[in-house]
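Just below is one structure, and these are the notes that go with it.
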Amino acid sequence: MNRPVDVAICYLEQIGYLMGPMKSVALLTDSSACLPLDLSIRLGIRVLPIRIHLRSRDILDGTAGASELVYHALAQREPVKSSAPTTMEYLTAVEEARSDSVVVITPAAEFTGMYRNAAVAAEIAGCPAVVVDSRTAAAAQGLVVLAAGQAAVAGAAVDEVVAAARDAASRADLVAALESIEFIERSGRVGPLALGLAKQLGIHPVFRLKDGAVERLGVPRSSEGVMSRIRKETHARGLGTATDTMVFHALRAEGAQRLRARLGVSGLVSEFSPSMGIHTGPGVIGVAWLRPS
């Protein structure tokens, strides 16, 4: 069971979405988008929490202490799972919006069932709703949501907000590194021979999220190698001319600041969602950005 305080905090944090002035377009996304709380409140973006299932109880992604609880459970080798927002949760959020229409932005359909759940909710909702597949995930999805949110706050019509989201989705990129392959090993998706070699070499996989796919970029063998490889890969893909950036981390705030300085970016720093950290473990660091139009 969720503690009542967790549920209360989650909804009070989005109070502006439910009780604020009537808006032309409301924005809705999920907690895997790594959005800083103050920014989502300021832009009136409602964030649906992903439910995380621990051995002892369920918690909501985005509530205080969720990361520490998840990574402690993983360190104890306890089972940890998650559940995406359901169709009914999307439907309720859409119909609670104080707006003429709602734009819902989800992770890429290849990664999760959230796009499907939101699309069904939009079809049966009693008010106009449009669902946009961000074609990415995590902080890159967050940048897509922020682009749409800025358009909505500026008074854009729903078609213009949707266009802003889709334009940002076409320009979004993300490169990150895992601190350990232990949690990939637990997934059973990599053969034992490859895992044994990877452990012996002490590698830190660097990967890219783009267009609904995960691309492996390299396997540096040190923290310094990780920083150098992320810098090389991101600047080769337009980070130096990015319009918006977001560095993110999973319980590695100091590492995120070092990466930010190494990359020469001045955008947001955010925490990697523990609902995704279930699959990667702690120690993930990376950066998302929007290439110029």
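Each row is one residue, and each column tells you yes or no for (1) under 27 Å from T245 (Cα atoms); (2) open to solvent by less than 60 Å² (accessible area, probe 1.4 Å); (3) modelled with pLDDT under 95.
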{"residue": "S99", "(1), (2), (3)": "no, yes, yes"}
{"residue": "E110", "(1), (2), (3)": "yes, no, no"}
{"residue": "N117", "(1), (2), (3)": "no, yes, no"}
{"residue": "A129", "(1), (2), (3)": "no, yes, no"}
{"residue": "V132", "(1), (2), (3)": "yes, yes, no"}
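Search the range 206-219 for residues that are farther than 20 Å from L259 by Cβ and pair each with any residue that is open to solvent by 20 Å² or more (accessible area, probe 1.4 Å) and of a type in the set (G, A, S) when their beta-carbon atoms are under 7 Å apart and the residues are at least 6 apart or on different chains. Qualifying pairs under 7 Å: G212/A109. For A139, the stated conditions do not hold, so it cannot be described as at pLDDT 95 or above, aliphatic (A, V, I, L, M) and not in a helix (DSSP H, G or I). Within the range 238-257, being at positive phi and of a type in the set (A, V, I, L, M, F, W, C) holds for one residue alone: L251. The set of residues in the range 229-256 that are open to solvent by 50 Å² or more (accessible area, probe 1.4 Å), assigned to a helix (DSSP H, G or I) and not basic (K, R) comprises H235, A236, G240, T241, A253, E254. Each residue in the range 19-38 was checked for being touching a helix residue (DSSP H, G or I) at 6+ places or on another chain (Cβ under 9 Å), closer than 21 Å to M246 by Cα and at pLDDT below 95, and 1 of them qualify.
Restricting to the range 257-287, and then to whatever is out of contact with any Pro (no Cβ under 9 Å at 6 or more places or on another chain), of a type in the set (S, T, Y) and more than 18 Å from L239 (Cβ to Cβ), can you tell me which residue is surrounded by the most Cβ atoms within 10 Å (Cβ to Cβ)? Looking at the filtered set, the residue picked out is S273.
Take V144 and decide whether it is closer than 17 Å to I45 by Cα, under 20 Å from the mean Cα position of the chain (by Cα) and part of a strand (DSSP E or B). Against the criterion (closer than 17 Å to I45 by Cα, under 20 Å from the mean Cα position of the chain (by Cα) and part of a strand (DSSP E or B)), V144 does not qualify. Looking only at the range 147-186, which residues are outside any strand (DSSP E or B), among the charged types (D, E, K, R) and within 15 Å of the chain's Cα centre (by Cα)? Scanning the range 147-186 gives no hits.
The values are calculated or read from the model by the stated rules, or taken from the named source; none is laboratory data. If you're wondering where the values come from, they're calculated on a predicted model, not measured in any experiment. Heads up, the Cβs are rebuilt from the backbone with ideal geometry, glycines too, and the neighbour counts pull from every protein chain shown. Note: areas computed on protein heavy atoms with side chains; ligands, DNA, RNA excluded. Shrake-Rupley method; radii C 1.70, N 1.55, O 1.52, S 1.80 Å.
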